[in-house]
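Below is one structure, written out as structure tokens; comments come after it.
Every number here is computed from the coordinates shown, using simple stated rules; none is lab data. Not measured: the values here are computed from a predicted model. Don't worry about glycine lacking a Cβ; one is built from the backbone with ideal geometry, like all the others, and counts go over all protein chains shown.
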Amino acid sequence: MPTTTVNGNQYLYEEKGSGFPVVFAHGLTFDRHMWDPQMETLSSRYRCISYDFLGHGGSSVGAEGHSLEDEAENLHALMEQWGASPAHMVGLSMGGMVDMRLALAHPGDVRSLSLLDTSAEEEEAERRPQYEAMAATAKAQGPQAVVDAVLPLMFSQAFIQGQTQTLAHLRQQFLAVNTEGLELATQAVTRRTSVLGRLSEIKVPTLVIVGSEDLATTPDKAQRIAEGIAGARLETIAGSGHMTAIEQPERISQLLSEFLAQVDSGSPK
């Protein structure tokens, strides 16, 4: 896979298809491969680019204390190197947080926003120490020490009980995570500041998606994002947990395909 270096950090990425660019940003603890089904679907009409955040997959670990704003600036630099600005931006959880910050700092980079299972608010006070403790435990004792606590935050109970083979694969992926990178990235997420009050500055067509059973970024947070961005559309995925793109890939691919087609035609609904 190709890599590129921006602001002293190496990022691994991959491309598929041709046409107007669509950039995919993944969630915490995952990597670019979580978007494989959507890359496959959309690459028939678009130049699809997915990449690994700092501390994930094949990218650099990142410097201590790096923030979501830093990731947004790095994404801006990456898009310049890729020749992919403006682009349709698709981000889940941490990816959505970075994409909102990109849209605020560099609005010219963004043709549209698709924000999945994410939050514009600061981390809930009681959850921040819990998440940071899990990341610290993973670093000290290995990811196997926390995997059974992490998976129920990511997936619905129906998915956990009914998709045992897929879950076993996802479990193995988590056990291979870079724990130093995970700790730093977790801190970037948990120590974020709110951008909720600035959402009215975002003027591009926006699709907000959330799983009805999302425990990590609950549906009320998606509702507030949709209310904050003028004209934003909210879609709730019934029965899905936090990782809607993994739990219901065909439905997410369909929603993205329809939304991007509407944006490109000039009539998003």
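Here are the numbers for this structure:
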{"quantity": "Estimated FRET transfer efficiency when R0 is 30 angstrom, pair residue 20-residue 227 (beta carbons, to 0.05)", "calculated": "0.60"}
{"quantity": "Under DSSP loop assignment and at most 10 Cβ neighbours within 10 Å, longest GluC sites (Glu not before Pro)-free interval of the chain", "calculated": "127-269"}
{"quantity": "Candidates 95, 241, 62, ranked by Gaussian network fluctuation over the chain, Cα under 10 Å, top entry", "calculated": "62"}
{"quantity": "Spacing of the two label points (7 Å from each Cα toward its C-beta) at residue 124 and residue 165, in nm", "calculated": "3.5 nm"}
{"quantity": "Potential extension, residue 45-residue 80 segment - 0.36 nm per residue separation minus Cα distance", "calculated": "10.5 nm"}
{"quantity": "The range 24-108, dipole about Cα centre (Lys/Arg Cβ +1, Asp/Glu Cβ -1), debye to the nearest 20", "calculated": "340 debye"}
{"quantity": "Helix-derived mean residue ellipticity, 222 nm - over the chain, DSSP H n ≥ 4, -39500 (n - 2.57), to 500", "calculated": "-13000 deg cm²/dmol"}
{"quantity": "Per residue, the convex hull volume that the Cα atoms of the range 26-76 enclose (Å³)", "calculated": "82 Å³"}
{"quantity": "Rel. contact order, % - alpha carbon contacts under 8 angstrom, at least six apart, the chain", "calculated": "20 percent"}
{"quantity": "Residue 258 paired with residue 175, simple spin-label distance in nm, labels 7 Å along Cα-to-beta-carbon", "calculated": "3.9 nm"}
{"quantity": "Separation of alpha-carbon centers, the range 77-96 and the range 1-67, rounded to whole Å", "calculated": "9 Å"}
{"quantity": "Taking the convex hull of Cα positions in the range 178-269, its mean projected area over all directions (nm²)", "calculated": "7.2 nm²"}
{"quantity": "Cα-based radius of gyration of the range 119-161 once divided by 2.2 N^0.38 Å, which approximates compact folds", "calculated": "1.32"}
{"quantity": "Sites residue 236 and residue 145, calculated FRET efficiency, Cβ-Cβ separation with R0 25 Å, nearest 0.05", "calculated": "0.15"}
{"quantity": "Spin-label model distance (nm) - residue 203 vs residue 64, 7 Å beyond Cα toward Cβ", "calculated": "4.3 nm"}
